[in-house]
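Structure first, commentary second.
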């Protein structure tokens, strides 16, 4: 049980960053058409340096942003279940991380898959697996069954 504080800190980090990412991607999916029309009507609204960036941003399909938002939401749900030491949470989190790694390749092409993203995803999944296994090792029954008996 000595690693429980580390486990909690990692889960708080996951809640925070996945929650912000979820909100950002879903807002981008919802607001993209209006952002695009405002930018097209007022191209001088932003400095010239941002023109290329904005054009590339609008080339990305809306479905990419929506899918990423939903997957980050699944990651938050997985972290919430892991907080209660449920293995289903680990599986949700892992599935979301793996699908988030595949998402750029599906929508944007293979050149958009980053090695750093793969390394961080594997690191977090491995650490969560080891900590979940350690924290649930002393339980004689799965956590769901213990709660049903009480």
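A short reminder: the numbers here are calculations on the coordinates, not readings from a lab. Just so we're clear, the structure is a prediction, and the values are computed from it rather than from any experiment. Cβ atoms come from the backbone with ideal geometry, glycine included; neighbour counts cover every protein chain shown.
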Given the peptides 8-21, 64-77, arrange them by the average over their residues of other C-beta atoms within 10 Å, most packed first.
64-77, 8-21
Can you give me the angle between helix 62-83 and the longest principal axis of the chain, using Cα atoms only, in degrees from 0 to 90, rounded to the nearest 10?
20 degrees
Would you work out the Kirkwood radius for segment 4-136? I mean one over the mean of 1/r across all pairs of different Cα atoms, in Å.
16.3 Å
Per-peptide average of other Cβ atoms within 10 Å, ordering 110-123, 91-104 highest first
91-104, 110-123
Residue order, fewest to most surrounding Cβ atoms within 10 angstrom, among 23, 7
23, 7
Here, residue 66 and residue 136, labelled 7 Å along Cα→Cβ, have an inter-label distance in nm of 3.3 nm
C-alpha long axis of helix 115-136 to longest principal axis of the chain, angle in °
20 degrees
Please find the FRET efficiency linking residue 58 to residue 117, where r is the Cβ-Cβ separation and R0 is fixed at 30 Å, and quote it to the nearest 0.05.
0.85
Report, in whole Å, the centroid distance computed from the Cα atoms of segment 45-100 and segment 1-29.
12 Å
